[in-house]
Amino acid sequence: MRFQQLLHVRRLVSAGATTLMRRPITTTTITTTSRTALAATYPAFATTVRTMAGSGAPIPELTEITDNVQRGNYATLTDKDVAHFEQLLGKNFVLTEDLEGYNICFLKRIRGNSKLVLKPGSTAEVAAILKYCNERRLAVVPQGGNTGLVGGSVPICDEIVLSLARLNKVLSVDEVTGIAVVEAGCILENFDQRAREVGLTVPLDLGAKASCHIGGNVSTNAGGVRVVRYGNLHGSVLGVEAVLATGQVLDLMSNFKKDNTGYHMKHLFIGSEGTLGVVTKLSMLCPHSSRAVNVAFIGLNSFDDVLKTFVSAKRNLGEILSSCELIDERALNTALEQFKFLNSPISGFPFYMLIETSGSNGDHDEEKINQFIGDGMERGEIQDGTVTGDPGKVQEIWKIREMVPLGLIEKSFCFKYDISLPLRDFYNIVDVMRERCGPLATVVCGYGHLGDSNLHLNVSCEEFNDEIYKRVEPFVYEYTSKLKGSISAEHGIGFLKKDYLHYSKDPVAIGYMREMKKLLDPNSILNPYKVLN
């Protein structure tokens, strides 16, 4: 399929006037049926539409393994244990072969050595598994879609993998209250499709939405591209059901935004990465889906212009602003080089912004976003751009943004950093790292969620090596800490960042985190080697 005409805007200065120029833009639509062919051609694309586990796809060579990690004081799995789980779940849901996809993280940096994957089908089965494992002191790693970027959802040694994939039901969606109840193993995209059937939408959108699980999203407090509109999951999640290490089921479910009855314990399980308990069910407030969605993809000459445009977007788009993303030139070009099906409507600028509006009045919203761009052009901040309200074309522009992180790992090794920084200093670290890494890096780039100060810094090289590793870590975290930023904006701590937690957390706070872990998981069987040392 080919696009019809898009509104294309270019700054044309003639006798002091700025005009909007319309011209046809052509690009290729990605349909559902084409995803299989793309996955066969581009390995990184494949991981956005299905998990590695059970896919039969070849596993790439790993760049790091965990042989240097000292195993904790846990029991060793026996045939008697396996037999017990087979009696509990049935043999079909106790896996002992072809476990590579469960053992290897998304970035292929971590490989565990689990010999057993359990796939419970109910909260009661999860509780029975954890009770047994706690009594036997068998370590367990909860796993959803295994799309995380910090090694939080894979075994580090030989932990039992607890897959939540069978807990995949949307239990209810209430179009009157906007409240949905869903099991933890439901794929995010499936959850959103069900919500849209009654005019609602899930307030979370990720590039990995076709394979990540909502329980994993909650357990990592995933952010995504619309935090600027809906906030993070601490606000959207009304309640959770979680199973503690002892097998006790903790019912913290709620169907109300306002429930001021003591400590809000649900927050302990949002972002704790399965180290305090296993989330099995949750209730979420889903806003009504917007009738009108418009996307602008614009080119800018400097980061100073980016900041001015962001301020203008907040001021002039206000209540309809739903996303504000930044992509630098190197990040965009890498994606375009790796994925030939992508076609950027504009090119040749150091910075690009993807700005989305969502509202209820198409004419009103279109007028506002066109006025916003026109004003930006008159001030010389916006140089070029494309605007569309057509759903298919909106999806095409979003696909460019979604493929950027995958382009960076398609044919090279990539150090990925997910940091929060003050907006005025948001991009400086990219320039600093380019100078620091020099020719050791093939690409140093930045992109991310400008609307909520979340930068994704990427340093690519042909293959992992200690020399460049020592250039980037712990320097990135030290730099972030000096600016009072966060070393993990939305990806979590997992295994890869556990040694750097102190750059963002006070020692006293870390001490209380340890005490909380001891209280809820006294034998430390839940997701060991993660978050806390």
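The values are calculated or read from the model by the stated rules, or taken from the named source; none is laboratory data. If you're wondering where the values come from, they're calculated on a predicted model, not measured in any experiment. Glycine also receives a Cβ, built like all others from the backbone with ideal geometry; neighbour counts cover every protein chain displayed. What goes into the accessible areas is simple: the full protein's heavy atoms, side chains included, and nothing from ligands, DNA or RNA. Shrake-Rupley method; radii C 1.70, N 1.55, O 1.52, S 1.80 Å.
Look at Pro142 and say whether it is modelled with pLDDT of 95 or more, more than 30 Å from Pro405 (Cβ to Cβ) and crowded, with 23+ Cβ neighbours inside 10 Å. Lay out the reasoning, then the answer.
On the way: modelled with pLDDT of 95 or more: yes; more than 30 Å from Pro405 (Cβ to Cβ): no; crowded, with 23+ Cβ neighbours inside 10 Å: yes.
For Pro142, the condition - modelled with pLDDT of 95 or more, more than 30 Å from Pro405 (Cβ to Cβ) and crowded, with 23+ Cβ neighbours inside 10 Å - is not met.
Of all residues in segment 130-154, how many are β-branched (Val, Ile, Thr) and out of contact with any Leu (no Cβ under 6 Å at 6 or more places or on another chain)?
The first filter runs over segment 130-154 and keeps only residues β-branched (Val, Ile, Thr), leaving 140-141, 147, 150, 154.
Within this subset, residues satisfying the condition of being out of contact with any Leu (no Cβ under 6 Å at 6 or more places or on another chain) are 141, 147, 154.
Matching residues across segment 130-154 total 3.
With the requirement that a residue be part of a helix (DSSP H, G or I) and open to solvent by less than 50 Å² (accessible area, probe 1.4 Å), what does segment 504-533 give you? Full working, then the answer.
So in segment 504-533, the residues part of a helix (DSSP H, G or I) come out as 507-520.
Passing the criteria: Ala509, Ile510, Gly511, Lys517, Leu520.
Please enumerate the residues belonging to segment 453-474 that are acidic (Asp, Glu) and out of contact with any strand residue (DSSP E or B) (no Cβ under 8 Å at 6 or more places or on another chain). Break it down stepwise before answering.
Within segment 453-474, the first condition is being acidic (Asp, Glu), and the residues that meet it are 462-463, 466-467, 473.
If the condition is that a residue be acidic (Asp, Glu) and out of contact with any strand residue (DSSP E or B) (no Cβ under 8 Å at 6 or more places or on another chain), then Asp466, Glu467 are the ones that fit.
Would you confirm whether or not segment 358-376 contains a residue that is open to solvent by less than 30 Å² (accessible area, probe 1.4 Å), assigned to a loop (DSSP other than H, G, I, E, B) and aliphatic (A, V, I, L, M)?
no
List the strands (runs of 3 or more DSSP E) that sit entirely inside segment 231-323 and contain at least 2 residues that are within 18 Å of Ala195 (Cβ to Cβ) and open to solvent by less than 20 Å² (accessible area, probe 1.4 Å).
Numbers: elements: 237-243, 249-252, 278-285, 292-300.
Hits in segment 231-323: 237-243, 278-285.
Is it the case that Ser481 is of a type in the set (Ser, Thr, Tyr) and under 28 Å from Ile104 (Cβ atoms)? Spell out the reasoning first.
Values: of a type in the set (Ser, Thr, Tyr): yes; under 28 Å from Ile104 (Cβ atoms): no.
It is false that Ser481 is of a type in the set (Ser, Thr, Tyr) and under 28 Å from Ile104 (Cβ atoms).
Restricting the search to segment 213-261, which residues are of a type in the set (Val, Ile, Thr) and over 16 Å from Glu183 (Cβ atoms)?
Applying the first criterion (of a type in the set (Val, Ile, Thr)) to segment 213-261 yields 214, 218, 220, 225, 227-228, 237, 240, 243, 246, 249, 261.
Once the filter is applied, which keeps residues that are of a type in the set (Val, Ile, Thr) and over 16 Å from Glu183 (Cβ atoms), segment 213-261 yields Thr220, Val225, Val227, Val228, Thr246, Thr261.
Please find, within segment 202-230, the residue that is surrounded by the most Cβ atoms within 10 Å (Cβ to Cβ) out of those that are part of a helix (DSSP H, G or I) and small (Gly, Ala, Ser). Don't jump to the end; show me each part of the working.
Looking only at segment 202-230, we keep the residues that are part of a helix (DSSP H, G or I), and these are 214-220, 227-230.
After this cut, where a residue has to be small (Gly, Ala, Ser) as well, the list is 215-216, 219.
Numbers: Gly215: 30, Gly216: 27, Ser219: 33.
Residue satisfying both the conditions and the ranking: Ser219.
Mind listing just one residue for me: the one in segment 488-500 that is assigned to a helix (DSSP H, G or I) and closer than 19 Å to Cys105 by Cα and, of those, most open to solvent (accessible area, probe 1.4 Å)?
To start, the set of residues in segment 488-500 that are assigned to a helix (DSSP H, G or I) comprises 498-500.
Of the ones still in play, those that are also closer than 19 Å to Cys105 by Cα are 498-499.
Values: Lys498: 36, Asp499: 82 Å².
Residue satisfying both the conditions and the ranking: Asp499.
Residues are listed down the side, and each one gets a yes or a no for (1) touching a residue at least 24 places away in the same chain (Cβ under 8 Å); (2) touching an Asp or Glu at 6+ places or on another chain (Cβ under 8 Å); (3) within 21 Å of Thr123 (Cβ to Cβ):
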position	(1), (2), (3)
Val227	yes, yes, no
Ser236	yes, no, no
Gly247	yes, no, yes
Asp251	no, yes, yes
Ser254	yes, no, yes
Lys258	no, no, no
Lys266	yes, no, yes
Phe269	yes, no, yes
Thr275	yes, yes, yes
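Gly121: more than 25 Å from the chain's Cα centre (by Cα), at pLDDT 95 or above and of a type in the set (Gly, Ala, Ser), yes or no? Spell out how you get there, then give the answer.
Details: more than 25 Å from the chain's Cα centre (by Cα): yes; at pLDDT 95 or above: yes; of a type in the set (Gly, Ala, Ser): yes.
For Gly121, the condition - more than 25 Å from the chain's Cα centre (by Cα), at pLDDT 95 or above and of a type in the set (Gly, Ala, Ser) - is met.
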